[in-house]
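This report refers to the structure that appears directly beneath it.
A short reminder: the numbers here are calculations on the coordinates, not readings from a lab. Remember, it's a predicted structure, so these values are computed and weren't measured experimentally. With ideal geometry, Cβ positions are generated from the backbone for all residues, glycine too; neighbour counts draw on all protein chains shown.
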Amino acid sequence: MKSFAKVLSLAGVAIVVSSVSFAADLPAPVIEHVPEVPVATGGWYLRGDIGYKIYVDPDAGFSSQSFQNESMDDTAVIGVGVGYKFNEYFRTDLTVDYEFKSEFDSRTPCPACGPGGTPGVSLDSADIDVWTILFNAYVDLGTYNGFTPYVGGGIGASYINVGQVYSNVGTPVRVPGDSRWDFSWALMAGASYAFNPNLSVDAGYRYLNIGDGYSDTFTAGATTAKVKYEDLQAHEFRVGLRYTFDSAPTYLPVEPIATKF
């Protein structure tokens, strides 16, 4: 019995020695620290835009007399703005746009405005240009192969400048124009493409409701009033550049330490 116990003891010692020897042959563990990964969250940006503006035919008139066959010429628009990108999905900006002069025209049949009181046509025209200031908010809908589609909306005000009004009701008449501020709002949709983390090109559509414009007050016959250009609105097709300034990045959570043999 003592011999059997002695054999077991010797076997145990052999196992321990062999385990220690095997462990000694293993390479030293390598501790690998996975670095934190910076993630861009947004920052301030500047933008510049140009566009082509297509007017919806406005409603115009003098006192109770409504003009007919109204139209406004297409024109160009330029703009600048400053904004802030909060994260990859939401950004806002403040923009200032100038719309170049667009000519308003109307042809209104009238029963006695022709030569000698005969039926004729009243011809009315004016040049209208507009400054627009908007505060806008956008939702970016994700990025796909560098393209980021978005939708947005804006509210603000437009400074509507109506130039000298020309009216031909039998005889030519010139009426002084006038300028005023009015409430404006917009809806936008489009997409941007990032050349690099700072510079993007933006192409999109904007519907803009500008408000109402007026001429100066004048007297025609026994009526004293203004020519009113009501509910000015337009469709704009725009392209521009956005430059985003570098901002301090945030970091992803630290990964667990990896041990390799």
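Highest mean first, the peptides 56-62, 86-92, 194-200, 227-233 sorted by other C-beta atoms within 10 Å per residue fall in the order 227-233, 56-62, 86-92, 194-200.
Let me know the shape class of region 43-245, please: from the alpha-carbon gyration tensor, a ≥ b ≥ c as square roots of the eigenvalues, rounded when a/c is under 1.5, otherwise prolate if a/b is greater than b/c, or oblate. It is prolate, given that a/c is not under 1.5 and a/b is the larger ratio.
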